[in-house]
Amino acid sequence: NPGSRATDGFSLNGQRTFQNVYLIDGVDNNNYILGVDTNSVQALRPSIDAIQEFKVESANYSAEFGRAAGGVISVAIKSGTNKIRGSAFEFLRNDKLDANNFFSNRAGLKRPPLRRNQFGGTVGGPIYRDHTFFFTSYQGTLVRSSQTMSSTVPQPGMLRADFGSVNIFDPLTAQAGVRQQFANNVIPANRIDPVGARLAALYPAPNLAGLVNNYFANVPIRDDDHQGDGRLDHRFSDKDSVFVRASVNRRAINRGAMFAAPGNGGNGFNDYPVVQTPQAFSVAGNWTRIISTSVVNEFRLGYTRNESDQLALADKSLYSEFGIKGVPQFEGLTGLPQIGVTGFAALGDRTFAPNPKRTGVTQIIDNASWVRGNHTIKFGFDARLSRNYAG
């Protein structure tokens, strides 16, 4: 489902991506911060090596999963065993054997870099044989890449108010609908706003010929993603067993600028420089009790938290420094506003920055299964407290 703004989004039963339900060890794993903030429909994406099993249900699932209009995707994290077991992996991609792309080659720029390292491992085993076990996993993904971008910037003469062969007319001289042309198509210095002149000076000189698409750049992107899981299982007796699992994810995405700071700029929303900091944390506990040969009860507690923010690259506000007045100042508002100039690339920093968001879901679940003759009856409850905070 490419229109979902999520890299892991897909549709089940013709429903929207966000109509699916994601569970880890039976606990809610949905990402309630939607859109480009986290690029995922899941709160946490555990390492594949940490997954014991997964199940996708798209129809005829039981009432406990009835809140899903699309489908239910359930994942269970591995537990330790009586033997020490582990794994390690490394996946590497880079540009050493790649050709330069067409646009960089045409502009005379070097081949854009690509460094992708995905690595990690797992280890699990006994703490107290036949009773207590541990399991841990870690995965890191480090990406260094770039985005090839072209845009239109003013000619150096234009930034000096000299438009050469382009006719420029004085709007203050209109008489009977006729305006006077500026001498030599140069706007007098006393007619140039000093704030506008300072901002216009942030444009770089063209690095390609022509008046349109005359600037080209490879914009660096840095993406660091760290994810870990830990699980502890204990078997009290043949009737009682418990486990506790905690998972955490820390990510930082740093998208560079098309122009030198503080000009930055871009052609569209996703082109502007930004630092994104999606984070997630989840903890789950489970107690399974075999009450009798026909009745089993499962009690579960869970908490999942998501956080994200979008920040400009600058460490302070530049509004006053450039003479832009009347803008309320608050924490996190840094850099310059987004400045659109018709026919040219925009200047400044992206909108929706800062954009702090935080969600938290507390969950209590109890399910009992009762086998009665040829029938199995399952009943219970699922209570959730959801809190959403937006800055």
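Residues in segment 252-268 that are surrounded by fewer than 17 Cβ atoms within 10 Å (Cβ to Cβ) and over 24 Å from Ala43 (Cα atoms) were compared, and the one that is modelled with the lowest pLDDT is Gly268. When Gly140, Gly157 are checked against the criterion of being over 22 Å from Arg250 (Cα atoms) and not in a loop (DSSP other than H, G, I, E, B), a single residue qualifies: Gly157.
Scanning segment 183-202 turns up one or more residues that are surrounded by 13 or more Cβ atoms within 10 Å (Cβ to Cβ) and touching an Asp or Glu at 6+ places or on another chain (Cβ under 6 Å). The lone criterion from (1) closer than 26 Å to Ile364 by Cβ; (2) modelled with pLDDT of 85 or more; (3) surrounded by fewer than 18 Cβ atoms within 10 Å (Cβ to Cβ); (4) of a type in the set (Phe, Trp, Tyr) left unmet by Phe65 is number (2).
Within segment 73-86, the presence of at least one residue that is of a type in the set (Gly, Ala, Ser), part of a strand (DSSP E or B), more than 26 Å from the chain's Cα centre (by Cα) and at pLDDT 95 or above is confirmed. Pairing each residue of segment 202-226 that is within 18 Å of Gly335 (Cβ to Cβ) with any residue that is aliphatic (A, V, I, L, M) and open to solvent by 30 Å² or more (accessible area, probe 1.4 Å), provided the two are 6+ apart or on different chains, yields C-beta distances under 7 Å for Tyr203/Leu159; Pro204/Ala260.
Hey, among Val123, Val153, which residue is aliphatic (A, V, I, L, M) and under 30 Å from Ala189 (Cα atoms)? Being aliphatic (A, V, I, L, M) and under 30 Å from Ala189 (Cα atoms) holds for just one of Val123, Val153, which is Val153. All of Ser292, Ser241, Ser282 fail the test of being open to solvent by less than 60 Å² (accessible area, probe 1.4 Å), of a type outside the set (A, V, I, L, M, F, W, C) and at pLDDT below 95, apart from Ser292. Among the residues of segment 129-144, those that are within 20 Å of the chain's Cα centre (by Cα) and open to solvent by 30 Å² or more (accessible area, probe 1.4 Å) comprise Tyr138, Gln139, Leu142, Arg144. Report, by residue number, each residue of segment 207-241 that is more than 35 Å from the chain's Cα centre (by Cα), assigned to a strand (DSSP E or B) and either under 28 Å from Asn264 (Cα atoms) or not polar (S, T, N, Q) (or both). Listed by number, the residues that qualify are His234, Arg235, Asp240. Here Gly302 meets the list (1) crowded, with 19+ Cβ neighbours inside 10 Å; (2) at pLDDT below 90; (3) of a type outside the set (A, V, I, L, M) almost entirely, failing just condition (2).
The values are calculated or read from the model by the stated rules, or taken from the named source; none is laboratory data. Bear in mind that the values here come from a model prediction, so they are computed numbers and not experimental data. A quick note on method: Cβ atoms are made from the backbone with ideal geometry, for glycine too, and the neighbour counts reach across all protein chains shown. For accessibility, only protein heavy atoms count, side chains too; no ligands or nucleic acids. Shrake-Rupley method; radii C 1.70, N 1.55, O 1.52, S 1.80 Å.
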